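Notes to accompany the following structure.
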Ligand SMILES: [Zn+2]
């Protein structure tokens, strides 16, 4: 479902099509694509938007017991937002090694692992779910991209 959401506004990899779905007690409580360009809002990553919609929808500050599914490994900001919102489990498709480095803010640190380790013992993080299908949404790790096509969106 997160892959479908990622494709919902086209699938040009230069627009970073990311999809995120949050499930609580077997029900989808949010499904969002990144909206940084259209809002415009640099923090409007798919996971941030989904966490906002999920909290609004259930009228709670915390998403304990919820699973956040993302097509791409969440960035540091979105991992931190998962910590703050008390998401129980994060499942993502493609990881850092599966896509072009332009999609990640940190060059040498895996912020997801760092943040997951540093702040919470009770958050489950699993990568590689439908890895190949998710990786197809993005530029490959070795894609030769002109500088102007590279943007961390
Ligand atoms: Zn993010």
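Just so it is clear, none of the values below were taken in a lab; they were calculated from the coordinates. Source: prediction; values computed, not measured. Heads up, the Cβs are rebuilt from the backbone with ideal geometry, glycines too, and the neighbour counts pull from every protein chain shown.
What is the distance, in nm, between label points placed 7 Å from the Cα along the Cα-to-Cβ direction at residue 67 and at residue 150?
A separation of 3.5 nm, rounded to one decimal place.
Of the listed peptides 112-120, 53-61, what is their order by residue-averaged count of other C-beta atoms within 10 Å, with the highest listed first?
Those peptides, ordered most packed to least, come out 112-120, 53-61.
Quick one: work out the % antiparallel among DSSP beta bridges in segment 1-139, nearest 5.
55
Which whole-number percentage describes the relative contact order of the chain, with Cα contacts under 8 Å and a sequence gap of 6 or more?
23
Can you tell me the equivalent ellipsoid semi-axes for the chain? Use √(5λ) from the Cα gyration tensor, largest first, whole Å.
24, 17, 14
Once you wrap a convex hull around the alpha carbon atoms of segment 33-123, what is its projected area averaged over all directions, in nm²?
For the Cα atoms of segment 33-123, the hull's average projected area reads 6.0 nm².
Subtracting the Cα-Cα distance from 0.36 nm times the residue separation, let me have the gained length for residue 43 to residue 89 in nm, one decimal.
14.5 nm
Over the C-alpha atoms of segment 80-152, what are the Rg and the largest Cα-to-Cα span, Dmax, in Å?
Spelled out, the Cα radius of gyration and Dmax of segment 80-152 are 13.8, 41 Å.
Using a Förster distance of 22 angstrom, determine the FRET efficiency expected from the C-beta separation of residue 119 and residue 53, and round it to 0.05.
After rounding to 0.05, the efficiency reads 0.45.
When you count, for each residue, the other Cβ atoms within 10 Å and take the mean per peptide, how do 15-22, 127-134 rank with the highest first?
Result, highest mean Cβ count within 10 Å first: 15-22, 127-134.
Which semi-axis lengths, in whole Å and largest first, follow from the square roots of five times the eigenvalues of the Cα gyration tensor of segment 1-63?
Equivalent-ellipsoid dimensions as semi-axes: 21, 14, 7 Å.
Kindly list the residues of segment 28-46 that lie in the label zone of residue 7, defined by a backbone N under 17 Å from the point 7 Å along the Cα-to-C-beta vector.
Output list for this probe position: 32-34.
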